[in-house]
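Have a look at the structure below, then the notes.
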Amino acid sequence: MGNSLEYLKNQVEELKKDGVYRKLPINYGPCSNVIDLNHNQVVNLSSNNYLGLASHDRVKKAAIEAVEKYGAGTGSVRTIVGNMDLLENLEILLAEFKKEEAVTCFQSGLNCNIGAIQAIVNKGDLIISDELNHASIIDGVRLSRADKAVYKHSNMEDLERILKEKRDNYNTVLIITDGVFSMDGDLAKLPEIVKIAKKFNCLTYVDDAHGSGVLGESGRGTVDHFKLHGQVDFIIGTLSKAIGVIGGYVASKAVVKDWLLHRARPLLFSTALPPAAIGATIESVKMLMESEEYTDKLWDNARYFKEKMSKLGFDIGHSETPITPVMVGSESKTMEFSRELLKNGVFVSGIVFPTVPKGTGRLRCMISAMHTKEDLNFAIDVFEKVGKELNII
Ligand SMILES: *Cc1c(COP(=O)(O)O)cnc(C)c1O
């Protein structure tokens, strides 16, 4: 037995040689602006908790109340006894929030992509996907067994070229894009994609994991930002990022929900979301619907941080959202930068190949409404110090 795992040992050695081997950091408390990471107090610039809702008192209280009424687990998949009224209520609330006909919840955003794509297209259909789409979309596409074509990132000429070449060979063609590209923070050209989809009679699918709770009125997402309600066939959102809990959903026409409840495999073969998560999510969404205070604070913080970092001479890419990449380049230098920042009290994880293309390593700063000006100023000062020491600025 021992020797048969030799190949994995070798692969791990390769990681070490490339300077990208790492141990998982341990957070000893809640996901907040300052965290107790490996028993060091550090400013947290690496969570998707955009609005600070993950540990908000109202959200925690809602989770506790849901547990008291419904218990810790749901006991089965949704199609048996796991479909609690709490979950039905969340779906109704989310449909209202998203201004779409229906919402179907999944256990995570990844589950959504893995489950929905394979349910809505088949062998013999065509999926056209942006080259920078999230890994869970790529996996969902694979599982669908549909043919796949990839267009250059946000390049509408390339998308049209593929359609002119291939459209006529298929009945169903689905165009898939991230709403916000998670590694660069740029937005999909959604109005143009919708127009092209109409022209070539295609379906559209937007994964808005990083747009949910961030863009549009009170964080209604990229589709709301571009005022395209009713014009995108499948809108995926996550409840794990700005909403602060866990889960994912598809917002769509009612018929899509009908179909997903019969064919989406994560709904048929994996246990339903637990009550604590559902209760907490309902409260988060209500908070967004009540006030724009959270999204306003997020954008204020993001603008402030970007302006200061740019003035210091860092290359912060071309983000249009609070995601702020600090471009470094080489994989090992990126990881070194991250380690040095951590020693100085700032946690920003390095993002390297295979998450992004080789040679485009970066520190991805995730700005949040939970950060105070003091947190941001502290982080900016540390960036300046370490950036100069490593000759990055
Ligand atoms: C984070 C992310 C997901 C996964 O969402 P989870 O709820 O964490 O599983 C899916 N798609 C995109 C574009 C993401 O950024």
Discussion item. How high is the relative contact order of the chain? Use alpha-carbon pairs under 8 Å, at least six apart in sequence, and give a whole percent.
Written reply: 22 percent
Worksheet item: Roughly to the nearest percent, how much of the accessible area of the chain is carbon and sulfur, given a 1.4 Å probe?
Response: 52 percent
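Can you say what percent of the DSSP beta bridges in the chain, counting only those with both residues inside, are antiparallel? Round to 5. Before the final figure, lay out each step's value.
On the way: 23 of 42 bridges.
Roughly 55 percent of the DSSP beta bridges within the chain come out antiparallel.
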Item to complete: Can you work out the accessible area per residue across the chain, with the rest of the protein chains kept in place, probe 1.4 Å, in square angstrom?
Response: 46 Å²
Worksheet item: Looking at I367, S332, L342, which one has the Cα that reaches farthest to the positive end of the dipole of region 329-383 (charges on Cβ: Lys, Arg +1; Asp, Glu -1)?
Response: S332
Worksheet, complete the sentence: For region 189-236, the Cα-Cα pair-distance distribution in 5 Å bins from 0, as whole percents, is 5, 23, 34, 22, 10, 5, 1
Item to complete: Taking all protein chains together and a probe of 1.4 Å, list W259, W299 from the most accessible to the least accessible.
Response: W259, W299
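Taking the Cα centre as origin and putting +1 on Lys and Arg beta-carbons and -1 on Asp and Glu beta-carbons, what dipole magnitude results for the chain, to the nearest 20 debye? Mind showing how you got there, number by number?
Working: 47 positive and 51 negative charges, 133 e Å.
Dipole size: approximately 640 debye.
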Practice prompt. Take the alpha carbon gyration tensor of the chain, find the square roots of its eigenvalues, order them as a ≥ b ≥ c, and report rounded if a/c is under 1.5; if not, report prolate when a/b exceeds b/c, else oblate.
Written response: rounded
Worksheet item: Which value, in Å² rounded to 10, gives the accessible area of K198 with a 1.4 Å probe and all protein chains present?
Response: 130 Å²
Practice prompt. Round to a whole angstrom and tell me the spacing of the C-alpha centers of region 151-201 and region 269-313.
Written response: 28 Å
Item to complete: Divide by every residue of the chain the summed helix terms, -39500 (n - 2.57) for each DSSP H run of at least 4, and state the resulting mean residue ellipticity at 222 nm, rounded to the nearest 500 deg cm²/dmol.
Response: -13000 deg cm²/dmol
Practice prompt. Please list the non-local residues whose amide H lies under 5 Å from the amide H of S349, H modeled 1.01 Å from N, same-chain partners needing a gap of 5 or more.
Written response: R364
Worksheet item: Once you list every other residue whose beta carbon is under 15 Å from the beta carbon of E160, what net charge do they have if Lys and Arg are +1 and Asp and Glu are -1?
Response: +3
Item to complete: Starting from the Cα coordinates of region 1-102, work out the convex hull volume and express it per residue in Å³.
Response: 258 Å³
Discussion item. For a quick check of your reading of the filter: which GluC sites (Glu not before Pro) in region 4-82 sit in a DSSP loop and have no more than 11 other Cβ atoms within 10 Å?
Written reply: none
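Placing +1 at every Lys and Arg Cβ and -1 at every Asp and Glu Cβ, with all other atoms neutral, what dipole size does region 1-150 have around its Cα centre, in debye to the nearest 20?
Working: 16 positive and 19 negative charges, 73 e Å.
Dipole about the Cα centre, nearest 20: 360 debye.
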Worksheet item: How high is the relative contact order of region 182-225, given as a whole-number percent (alpha carbon pairs under 8 Å, six or more residues apart)?
Response: 24 percent
Worksheet entry | Derived scalar couplings ³J(HN,Hα) [region 122-139; Karplus, 6.51 cos²θ - 1.76 cosθ + 1.60; whole Hz; x for Gly, Pro] | 9, 3, x, 9, 10, 10, 10, 10, 5, 5, 9, 4, 4, 3, 5, 6, 4, 5
Fill in: Integer Hz, Karplus 6.51/-1.76/1.60 couplings in order for region 360-377, x for Gly and Pro
10, x, 7, 9, 9, 7, 9, 7, 9, 5, 6, 6, 8, 4, 5, 4, 5, 4
Worksheet item: For region 294-393: lysine pairs with Cα atoms under 15 Å, gap of 8 or more or different chains, count?
Response: 10
Worksheet entry | Extreme residue, positive dipole direction of the chain, given options G230, V180, I114 (C-beta unit charges) | I114
Worksheet item: Spin-label point model (7 Å from Cα, Cβ direction): what's the F269 to N3 distance in nm?
Response: 3.6 nm
Worksheet entry | By accessible area with a 1.4 Å probe, ligands and nucleic acids excluded, highest first: order of T321, T79 | T79, T321
Item to complete: Using the Karplus curve 6.51 cos²θ - 1.76 cosθ + 1.60 with θ = phi - 60°, work out ³J(HN,Hα) for each residue of region 378-393 in order, rounded to whole Hz, and write x for Gly and Pro.
Response: 4, 4, 4, 4, 5, 4, 5, 4, 5, x, 6, 4, 9, 6, 8, 10
Practice prompt. Send over the semi-axes of region 84-126's equivalent ellipsoid, whole angstrom and largest first, taken as the square roots of 5 times the C-alpha gyration tensor eigenvalues.
Written response: 24, 13, 8
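The values are calculated or read from the model by the stated rules, or taken from the named source; none is laboratory data. The shown structure was predicted, so the numbers you read here are calculated from the model rather than taken from an experiment. Virtual Cβ from ideal backbone geometry, glycine too; neighbours counted across all protein chains shown. Ligands, DNA and RNA are stripped out before the accessible areas are found, and what is left, the full protein with its side chains, is counted by its heavy atoms. Shrake-Rupley method; radii C 1.70, N 1.55, O 1.52, S 1.80 Å.
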